[in-house]
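Below is one structure, written out as structure tokens, with a few remarks after it.
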Amino acid sequence: MSWIEVKAGFEPGQDLSPYIDIFGEHGIENTLEEGAFLTGCLVDVEGSWQRITHLVEDLREAGAVVVETRDLAEDNWEISWRQFFKPRRIGHRFVVRPTWEEYASEPDDLVIVLDPGQAFGTGDHPTTRLCLELLETVSLNGKTVVDIGCGSGILSVASCLLGANKVTGIDIDPIAVEVAKENMAMNHVTFEAISGEGLIDPVTKWDVIISNIISATLIRIARDVRKAIVDDGRWIVSGIIVDNWPDVFTAAKKEGFKLLEKKEEDGWVAATFTC
């Protein structure tokens, strides 16, 4: 697997948090901060360079003094990044580990192998962690799961590891879909990863629907989700800024959903609904 590295430089002492957000908006969830420089990597698949071009333009427009890009072979990427990432336990059973780290798992552990430099969700962001924590509380053995906004496929992989019978990941971004397919193979699980928006199939009923996406989209799709979920099914939502939670809750309640569990971390909210 090869990578594209983006390194941006700024004025000394400048607040870098807005620029970290810009990296995130372009699919690079993890950045390395070294002095006045930020570095991020995007897996090199079809369409990645177009995304990188837009990222560079936005960084420069926002005030970056210099922005450099380069191809990065897998060996070089690991040398640059491996020192900063170790296996991370999430919830009671999930462990997310980078490809280069060995991990002595416990009997009940469910180990997900992902490279932290990848875009689209690696377990380093609260929205992903909260989803995994909620997901492990749901009985998925033999169930059907659809992951709306699947990103890296981490939640689809997790659903397979929890025993789901059929899993489909959907993302509007074709690059994310390609990354999800690579992570599916890396974790030796099988699910369908397809490009599209929302619930593509208007007929299929799902036992569990996962939506780690922005609040406005959650509100917009609440009615479609209710139509697509079985009675007593589970809708796991995340990606919600705490200030937006009342609106998401109201939209879900309007469609007949009942709140089962709500979790918060660092200003983000995730929840499990049933109907």
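The values are calculated or read from the model by the stated rules, or taken from the named source; none is laboratory data. All figures in this text were calculated on a predicted structure; none of them were measured in a lab. Neighbour counts are summed over all protein chains in view; Cβ atoms, including those assigned to glycine, are modelled from backbone coordinates with ideal geometry. Each accessible area value is taken on the protein alone, full model and side chains, heavy atoms only, with ligands, DNA and RNA left out. Shrake-Rupley method; radii C 1.70, N 1.55, O 1.52, S 1.80 Å.
Ser156 sits among other residues whose Cβ lies under 12 Å from its own Cβ, and their net charge, with Lys and Arg +1 and Asp and Glu -1, is -1.
Only helical runs count toward this figure. For the chain, summing -39,500 (n - 2.57) over DSSP H runs of n ≥ 4 and dividing by all residues gives -9500 deg cm²/dmol at 222 nm. If the segment from Asp231 to Glu68 were pulled out straight at 0.36 nm per residue, it would be longer than the present Cα-Cα gap by 53.5 nm. Restricted to Cα atoms, the chain shows a radius of gyration and a Dmax of 18.6, 56 angstrom. Applying 0.36 nm per residue to the separation of Trp49 and Ser139 and subtracting their alpha-carbon distance, the gain on full extension is 28.4 nm. Nonpolar atom fraction for the chain, defined as the carbon and sulfur part of the 1.4 Å probe accessible area, stands at 48 percent. Judged by the mean number of other Cβ atoms found within 10 Å, the most tightly packed of the peptides 246-254, 157-165, 259-267 leads the ranking 157-165, 246-254, 259-267. Taking every lysine pair in the chain that is 8 or more places apart or spans two chains, those with Cα atoms closer than 15 Å amount to 8.
What dipole magnitude, in Debye to the nearest 20, does the chain give about its Cα centre under +1 on Lys/Arg Cβ and -1 on Asp/Glu Cβ?
Its charge dipole is roughly 1220 debye.
For the chain, relative contact order (Cα pairs under 8 Å, six or more residues apart, normalised by length) works out to 14 percent. Average accessible surface for the chain: 46 Å² per residue, computed with a 1.4 Å probe over protein heavy atoms with every protein chain in place. Counted residue by residue at 0.36 nm each, then reduced by the alpha carbon distance between them, the extension gain from Ile241 to Trp100 reaches 47.4 nm. Protection proxy ranking for 219-225, 62-68, 190-196, using the average of other Cβ atoms within 10 Å per residue and placing the highest first: 219-225, 190-196, 62-68.
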